[in-house]
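Asker: Quick one: the structure is below, questions incoming.
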Amino acid sequence: MKIIRTIKALRSILIAQRKKAGSIGFVPTMGYFHQGHTALMKASAKENHVTVVSLFVNPIQFGPKEDLSRYPRDLKRDTRLARESGVDILFIPSVKEMYPEPLLTFVEVGKIADILCGASRPGHFRGVATVVAKLLNIVQPDIMYLGQKDAQQVEVIKRMVQDLNIPAQIKVCRTEREQDGLAMSSRNSYLSPSERAVAPRLYQALCQARRMIADGERNTSKIISQIKKLISDGTNVSIEYVSCVGLDRFVPVRRIKGKVLVAVAVRIGTTRLIDNIVVKA
Ligand code: PAF
């Protein structure tokens, strides 16, 4: 596995690679790898001739009061996990390499970036869309792999790729979970033991919602109330949102019909966690 730190070096390797033909798979990440990341890397390594992983903690997607400065990092472990997952090129640019001067050009994706996580993290998806557009221009992959845990991010990126005619296919891989159901996330490392103990409630509540829907409940306010009750019951978890949005247009729905994303965001202590499931009726 090659570790590359400059855009110029990465481009020249990939130009040579493209001449040899074969597909390029790409996994964008911010590092501190867990099984969710390595599953994406393994899927790419299986389906492509070359797998490129970017590891870049993107400052422009963090708000001024967010966790940029304490975002977890472990380059040695990340390098080992990427190598073991079949990655060919680990691209680790510096902030100066990605943003040699303050940007004047940003990618704004509109309505779907303003709701849910976008409402509580203003500018977040603008930062995500902008860096992913830059990375797609740099790597020019055939297929990009993203995780379903960040469902809204997936929709924002899909829409950007469609609107800007970026010639990359997007594959979405399922959310990887701990044994107790907690969705894997680099931010789980922030949780204290007592916070970690309540964190599985997110997924338990989503599973309860799935059961309610299977039993015939279609009213999303009833489903949302039940999720809120289960998550916050007797704990100091603060709920940011619980929402049911249609997968077609990503807007809140009053009744479950077709494919619906049931999504939650909470803060446990100072740690922000998100999770979601897709239900169908
Ligand atoms: O999901 C992430 O880790 C980031 O938002 C991404 C897609 C790598 C962009 O910085």
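The values are calculated or read from the model by the stated rules, or taken from the named source; none is laboratory data. Keep in mind the model is a prediction, meaning the values are calculated, not measured. Here the Cβ positions follow ideal geometry from the backbone for every residue, glycine too, while neighbour counts run over all protein chains shown.
Asker: VAL128 - would you say it is assigned to a helix (DSSP H, G or I), within 12 Å of the ligand (Cβ to nearest atom) and buried (at least 19 other Cβ atoms within 10 Å of the Cβ)?
Answerer: yes
Asker: Run down ILE143, ILE157 and say which single residue is in contact with a strand residue (DSSP E or B) (Cβ under 8 Å, 6 or more places away or on another chain), within 12 Å of the ligand (Cβ to nearest atom) and at pLDDT 95 or above.
Answerer: ILE157
Asker: Specify which of the listed residues (GLY31, GLY36) is surrounded by 13 or more Cβ atoms within 10 Å (Cβ to Cβ) and touching a Gly at 6+ places or on another chain (Cβ under 8 Å).
Answerer: Just a single option satisfies the conditions, and that option is GLY36.
Asker: Considering every residue within the range 139-152, establish whether at least one is free of Cβ contacts under 8 Å to residues at least 24 places away in the same chain and out of contact with any Pro (no Cβ under 9 Å at 6 or more places or on another chain). Before you say what the answer is, go through the steps one by one.
Answerer: In the first step, residues of the range 139-152 are kept if they are free of Cβ contacts under 8 Å to residues at least 24 places away in the same chain; the result is none.
No - not one qualifying residue is present in the range 139-152.
Asker: Right, next: What pairs can you find where one residue is in the range 12-29 and more than 16 Å from the ligand (Cβ to nearest atom), the other is in a helix (DSSP H, G or I), and their Cβ atoms are less than 7 Å apart, with a gap of 6+ or different chains?
Answerer: That search, which allows pairs on different chains as well, returns LEU14/VAL139; ILE24/LEU14; ILE24/GLN17; ILE24/VAL139.
Asker: Go through (1) farther than 23 Å from ALA16 by Cα; (2) more than 12 Å from the chain's Cα centre (by Cα); (3) outside any helix (DSSP H, G or I) and name the single condition PRO141 misses.
Answerer: Condition not satisfied by PRO141: (1).
Asker: Between PHE91, PHE106, which is within 21 Å of SER12 (Cβ to Cβ) and among the aromatic types (Phe, Trp, Tyr)?
Answerer: Answer to the check: PHE91.
Asker: Does at least one position in the range 105-112 carry a residue that is away from the ligand (no atom under 15 Å from the Cβ), hydroxyl-bearing (Ser, Thr, Tyr), over 18 Å from VAL139 (Cβ atoms) and not in a helix (DSSP H, G or I)?
Answerer: Yes - at least one qualifying residue is present in the range 105-112.
Asker: Of everything in the range 192-244, what is among the hydrophobic types (A, V, I, L, M, F, W, C), without any contact (Cβ under 8 Å) to a residue 60 or more places away in the chain and not in a helix (DSSP H, G or I)? Give them in sequence order. Outline the logic, then answer.
Answerer: At the first step, the residues of the range 192-244 found to be among the hydrophobic types (A, V, I, L, M, F, W, C) are 197-199, 202, 205-207, 209, 212-214, 223-224, 227, 230-231, 237, 239, 242, 244.
Filter once more, keeping what is without any contact (Cβ under 8 Å) to a residue 60 or more places away in the chain: 197, 205, 212, 214, 223-224, 227, 230-231, 237, 239, 242, 244.
Scanning the range 192-244 gives VAL237, ILE239, VAL242, CYS244.
Asker: Quick check on ALA263: is it at pLDDT 95 or above, part of a strand (DSSP E or B) and small (Gly, Ala, Ser)?
Answerer: yes
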